[in-house]
Amino acid sequence: MHELSIATELFAACERNLPPGAALRSARIAIGELSSVEPELLQFAFEAVVHGTVHAGARLVIDRCPAVQRCGQCGTIAERQPGTWLRQCPRCQSQLQIEGGDELDLLELDVDEAPRTDTTERHP
Ligand SMILES: [Zn+2]
């Protein structure tokens, strides 16, 4: 299961960013619509990964990032329905380019009882 290895990697990234002694409540990530990740499967896998750790119950909050179709000729950003693609620029009929949509980023962590320190980076 592809999502399980991603969830494991995400959790490792969360742990690296957690203050010492803090428990993870939720992690917000961005997933591009072109990345071959099934959000529900990934949430399920993440719950399985944190199960049995001090972070048990931590949730994954997923932001979907749509890809953008932009015209290389006139700069129009073509509007489209989710899941559908346009072949040509609606204004000048040029070929459209696709931007973004392949994100898989850890955005922010919501932690419980994080000790307040002035150091931003810690490597226990
Ligand atoms: Zn155009």
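Each value in this text was obtained by applying a stated rule to the coordinates, not by laboratory testing. No experiment lies behind these values; they were computed from the predicted model shown. Positions of Cβ are backbone-derived with ideal geometry, glycine not excepted, and every protein chain shown enters the neighbour counts.
Laid out as a table, the results:
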quantity: Estimated inter-spin distance, D112 and E38, nm [label 7 Å along Cα→Cβ]; calculated: 2.9 nm
quantity: Percent antiparallel among DSSP beta bridges (both partners in the chain, rounded to 5); calculated: 70 percent
quantity: Rounded to 10°, Cα long-axis angle of helix 2-17 versus longest principal axis of the chain; calculated: 60 degrees
quantity: Cβ charges +1 (Lys, Arg) and -1 (Asp, Glu), total dipole of the chain, debye; calculated: 440 debye
quantity: Positive-end extreme of charge dipole, the chain - chosen from T84, G72, A23 (charges on Cβ); calculated: G72
quantity: Cα-Cα P(r), the chain, percent of pairs per 10 Å interval; calculated: 12, 34, 23, 17, 11, 2
quantity: Highest-fluctuation residue, G32, G57, G21 considered, GNM on the chain with Cα pairs under 10 Å; calculated: G21
quantity: Extension gain (nm, one decimal) between E15 and R91, 0.36 nm per residue minus Cα-Cα; calculated: 22.6 nm
quantity: Among 97-105, 65-73, the order from most to least packed when residues are scored by Cβ within 10 Å on average; calculated: 65-73, 97-105
quantity: Length added when fully stretched, T53-L104, from 0.36 nm per residue minus Cα-Cα; calculated: 16.0 nm
quantity: Between helix 39-50 and the chain: long-axis angle, C-alpha atoms, 0 to 90°, nearest 10; calculated: 10 degrees
quantity: Peptides ranked, highest mean first, by Cβ atoms within 10 Å: ranges 39-46, 80-87; calculated: 39-46, 80-87
